[in-house]
Amino acid sequence: MAARRVNPSLIKVHRTYTVCELADRLGIHKNTVRNWQREGLEPIDRGRPVLFHGGTVRAFLKARNTDRKQPCGPGRFYCFRCRTPQPPAEAMVDFVPLNPRSGNLRALCGTCGGLMHRRASATALARVMPGIEVQMGQAP
Ligand SMILES: [Zn+2]
């Protein structure tokens, strides 16, 4: 599972926070804050206890959330095993209608072989999966 995204707006920009206060405020483990420090979150100085400026933390989290967004382009599924958008194996895709207008596309990951799903509207199949012959499945 991908790590949960934290909400940068929970941090007040004009406050300073200790590692414990940040962890409490965001509902995360103290070690997560230490990881962020390794990833480039700068404390105010080298003093103890380590203090972070709220504005710095908020900017760091916003940048981090943006980096992690990985939109699926045409012909791609988001693979939860690979944690990246992947093309379907053998260009084989099934469409399972859920209602008259939309359904689930289903394919195996071309990299790890895991099952991948993507919601799509029935009229958008050619646009979402260009050049791929989508097999129409039965409604469950
Ligand atoms: Zn995969």
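The values are calculated or read from the model by the stated rules, or taken from the named source; none is laboratory data. Just so we're clear, the structure is a prediction, and the values are computed from it rather than from any experiment. FYI the Cβ positions are ideal-geometry reconstructions off the backbone, even for glycines, and counts take in every protein chain you see.
Structure above, values below:
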item: Residues (surrounded by 12 or more Cβ atoms within 10 Å (Cβ to Cβ) and small (G, A, S)) located in region 11-58; result: A23, G54, G55
item: Single unsatisfied condition, L115 versus (1) in contact (Cβ under 8 Å) with a residue 12 or more places away in the chain; (2) within 28 Å of V6 (Cα to Cα); result: (1)
item: Those residues of region 108-129 which are charged (D, E, K, R) and surrounded by 13 or more Cβ atoms within 10 Å (Cβ to Cβ), in sequence order; result: R118
item: Selection from region 78-95 of residues that are of a type outside the set (D, E) and either exposed (fewer than 13 other Cβ atoms within 10 Å of the Cβ) or over 18 Å from P130 (Cα atoms) (or both); result: C79, F80, R81, C82, R83, T84
item: Single residue of region 96-107 satisfying the filter (crowded, with 19+ Cβ neighbours inside 10 Å and hydrophobic (A, V, I, L, M, F, W, C)) that is nearest to the ligand (Cβ to nearest atom); result: A107
item: Count of residues meeting criterion [away from the ligand (no atom under 15 Å from the Cβ) and out of contact with any helix residue (DSSP H, G or I) (no Cβ under 8 Å at 6 or more places or on another chain)] in region 76-95; result: 2
item: Close pairs from region 53-79: first part of a loop (DSSP other than H, G, I, E, B), partner of a type in the set (V, I, T) and surrounded by 12 or more Cβ atoms within 10 Å (Cβ to Cβ), Cβ under 7 Å, at least 6 apart; result: Q70/T84; P74/V128; G75/I132
item: Residue, nearest to F60 (Cα to Cα), within region 17-39, restricted to residues that are in contact (Cβ under 8 Å) with a residue 12 or more places away in the chain and of a type in the set (D, E, K, R); result: E39
item: One residue from P85, P49, P100, P43 being assigned by TED's automatic domain parsing to the domain that holds G131, in a loop (DSSP other than H, G, I, E, B) and not charged (D, E, K, R); result: P100
item: Output for region 108-140, where each listed residue is more than 16 Å from the ligand (Cβ to nearest atom) and in a strand (DSSP E or B); result: R119, A120, S121, V134, Q135, M136
item: Every residue from region 130-139 that is under 15 Å from G73 (Cβ atoms) and surrounded by 14 or more Cβ atoms within 10 Å (Cβ to Cβ); result: I132
